[in-house]
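Student: Right, I'll just put the structure down here and ask away after.
Derivation of every value follows stated rules applied to the coordinates shown; laboratory data play no part. On a predicted model such as this, the values are computed, not experimentally measured, just so you know. As a convention, Cβ positions derive from the backbone with ideal geometry for all residues, glycine included, and neighbour counts pool all protein chains shown.
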Amino acid sequence: MAELKDIIILGIETSCDETSAAVIKNGREVLSNIVSSQIEIHKRFGGVVPEIASRNHILAITNVVDEAVKLANIKLKDITAIAVTYGAGLIGALLVGVSYAKALSYVLNIPLIKVSHIKGHIAANYIGNNDFIPPCICLVVSGGHTAILKLEDDINHKYIGGTLDDAIGESFDKVARALSLSYPGGPIIDKYAKNGTANITFTKKNELKNSYNISYSGLKTAVINYINTKEQKGEEINLPNICASFETEAIDGLIDKCMRACKEYKINKMCVAGGVAANSYLRQKLTEDCKERNIKLFIPQMSLCTDNAAMIAVAGYYNYINGVNTADLNLNAVSTIKL
Ligand code: KG4
Ligand code: ZN
């Protein structure tokens, strides 16, 4: 039930292959979070087909929003503002959520707030964690981004370093494809890696070791070359060991950089954002490394790591109370947003 003084945000997310709507009370309490996934539809194509994604968002959006409002036990008139993902993502997919949010905010005559998808992933850390208060070092590991940020406060961040080419999630998905595993590859590699040993070194030289930047295209190519060479020689490949070795190499270097950033910026708080935050090895290694250094670690619960509207509503709440990123009927979708 919404009290008069409560700030109720309806979040809408349609940037890729999940149609989602959520209702959040006072920035941290999830009243509802409905996620309708299209993964099964896109699986047969080995990845997300943008046009198919847009069409399925259109089919789902009304029911998803209605369900979120109903489950939250509120009326449309209780909503303070609507927060919507306007980028980064697939333009056609984003436009479904943006158009729906614009229409609803116009009809209800309430503010519209634009939210960057990655800021949404970061905001997932607020949910259920009353002691999550920046400053904080944040590791962004998603399908489209890989970066280390310093969260200055609830809305501003400083870019410390990141990938110079592919994103980490993208490299998981591409390596999975080379191994003939299904889409999305990240969770499958994670599963195989649990039964494997990280006994293969794919990239021997790491020129970026002392930098905050990282590269994934070299690692991805090295894994693909390894698989091709084995095939040409008619040798069996050990799938669990390849997955464990790739995963370790993709994650260890990144975690070392985060530990270095915490030290350099004298911050003993860390958080993780994005789909790859669901990776079990990353969660375990980061927990161990932070514990060793007395760094308080926040990782969103599994269901909040991948795309959902609860995180968008939370980011929208902080935009709203700080009076930033308010939008109007001119709001458009954008495919990229610089971190
Ligand atoms: O963060 P996200 O929603 O993508 C963007 O917003 O860009 O997450 C999707 C990515 C995919 O690349 C997927 O393979 C990866 O997250 N992912 C994982 C796991 N679960 C999802 N990667 C590694 N291990 C997992 N358990
Ligand atoms: Zn995402």
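Student: Looking only at the chain, where both bridge partners belong to it, what percent of the DSSP beta bridges are antiparallel (to the nearest 5)? Please list the in-between numbers first.
Tutor: Details: 27 of 44 bridges.
For the chain, the DSSP antiparallel bridge percentage is about 60.
Student: Summing +1 for each Lys or Arg and -1 for each Asp or Glu, what net charge is found among the other residues whose Cβ lies under 15 Å from the Cβ of T146?
Tutor: Values: positive: K174, K220, K257, K338; negative: D165, D166, E170, D173, E247, E249, D252, D256.
Combined, the nearby Lys, Arg, Asp and Glu give -4.
Student: For helix 50-71, what angle does its Cα long axis make with the longest principal axis of the chain, in degrees from 0 to 90 and rounded to 10?
Tutor: Approximately 50 degrees, to the nearest 10.
Student: Further, regarding this structure: What FRET efficiency comes out for the pair E152/Q232, r = Cβ-Cβ distance, R0 = 51 Å, nearest 0.05? Don't skip to the answer; put the middle values down first.
Tutor: Numbers: r = 51 Å, r/R0 = 1.00.
Rounded to the nearest 0.05, the efficiency is 0.50.
Student: Straight-line reach from K70: which aspartates and glutamates have Cα under 14 Å away, leaving out those fewer than 8 places along the same chain?
Tutor: Straight-line reach from K70, under 14 Å: D78.
Student: Determine, for each peptide in 223-232, 123-132, the mean count of other beta carbons within 10 angstrom over its residues, then list the peptides with the highest first. Please report the intermediate quantities before stating the final value.
Tutor: Values: 223-232: 14.1, 123-132: 19.3.
Descending mean neighbour count gives 123-132, 223-232.
Student: If the label point is 7 Å along Cα→Cβ of I91, which residues in region 311-339 have backbone nitrogen under 12 Å from it?
Tutor: 333-336
Student: Now a separate question. Measure nothing but the geometry: give the 0 to 90° angle between the long axis through the Cα atoms of 280-292 and the longest principal axis through the Cα atoms of the chain, rounded to 10°.
Tutor: Once rounded, the angle reads 90 degrees.
Student: Which of I148, I321, I137 ends up with the largest GNM mean-square fluctuation for the chain, with Cα atoms connected below 10 Å?
Tutor: The residue that fluctuates most here is I321.
Student: Right, another one. Take every Cα pair under 8 Å in region 134-300 that's 6+ residues apart, average their separations, divide by the length, and report that relative contact order as a whole percent.
Tutor: 27 percent
Student: Taking the Cβ of P135 as the center, what net charge do the other residues with Cβ under 10 Å away carry, scoring Lys and Arg +1 and Asp and Glu -1? Numbers along the way, then the final one.
Tutor: Working: positive: K150, K158, K266, K269; negative: E152, D153.
Summing Lys and Arg as +1 and Asp and Glu as -1 gives +2.
Student: If Lys and Arg each add +1 and Asp and Glu each add -1, what is the summed charge of the other residues whose beta carbon sits under 12 Å from the beta carbon of L112?
Tutor: That works out to +1.
Student: Please arrange V175, V115 by how many other C-beta atoms lie within 10 Å of their C-beta, fewest to most.
Tutor: On the way: V175 26, V115 30.
Starting with the residue having the fewest Cβ neighbours, the order is V175, V115.
Student: Label points 7 Å out from Cα along the Cβ direction at N332 and L164: separation in nm?
Tutor: 3.3 nm
Student: For the chain, set up a Gaussian network in which alpha carbons nearer than 10 Å are linked by springs, and say which option among N238, N268, N33 fluctuates the most.
Tutor: In the Gaussian network model the winner is N238.
Student: Quick one: length gained pulling Q284 to Y265 fully straight, 0.36 nm per residue minus the C-alpha distance? Before the final figure, lay out the partial values.
Tutor: Details: separation 19, 0.36 × 19 = 6.84 nm, distance 2.35 nm.
Here the segment from Q284 to Y265 would lengthen by 4.5 nm.
Student: In whole Å, what is the distance between the alpha-carbon centres of region 288-339 and region 180-244?
Tutor: Between the Cα centre of region 288-339 and that of region 180-244, the gap is 30 Å.
Student: Which value at 222 nm does the chain reach when only helices count, each DSSP H run of 4 or more adding -39,500 (n - 2.57), with the total divided by all residues and rounded to the nearest 500 deg cm²/dmol?
Tutor: Taking each H run of at least 4 residues, the total per residue is -13500 deg cm²/dmol.
Student: Once you've got the GNM for the chain with C-alpha springs shorter than 10 Å, pick whichever of H117, H57, H42 has the biggest mean-square fluctuation.
Tutor: H42
Student: Compute the relative contact order of the chain as a whole-number percentage, counting only Cα pairs closer than 8 Å that sit 6 or more residues apart in sequence.
Tutor: Once divided by the residue count of the chain, the mean separation gives 25 percent.
Student: Estimate the FRET efficiency between K191 and N294 by the formula 1/(1 + (r/R0)^6), using the beta-carbon distance for r and 30 Å for R0, to the nearest 0.05. Display every interim value, and only then the final one.
Tutor: Working: r = 32 Å, r/R0 = 1.07.
The formula returns an efficiency of 0.40 here.
Student: Cut-off under 17 Å on the C-alpha distance; same-chain residues fewer than 8 positions from K220 excluded. Which lysines are left, in chain and number order?
Tutor: K174, K204, K205, K230
Student: Same structure again: Helix 239-264 versus the longest principal axis of the chain: what angle, 0 to 90°, nearest 10, using Cα atoms?
Tutor: The answer is roughly 60 degrees.
Student: Just to be sure I understand the model, the point goes 7 Å from the Cα along the line to the Cβ. What's the resulting I52 to L71 distance in nm?
Tutor: 2.5 nm
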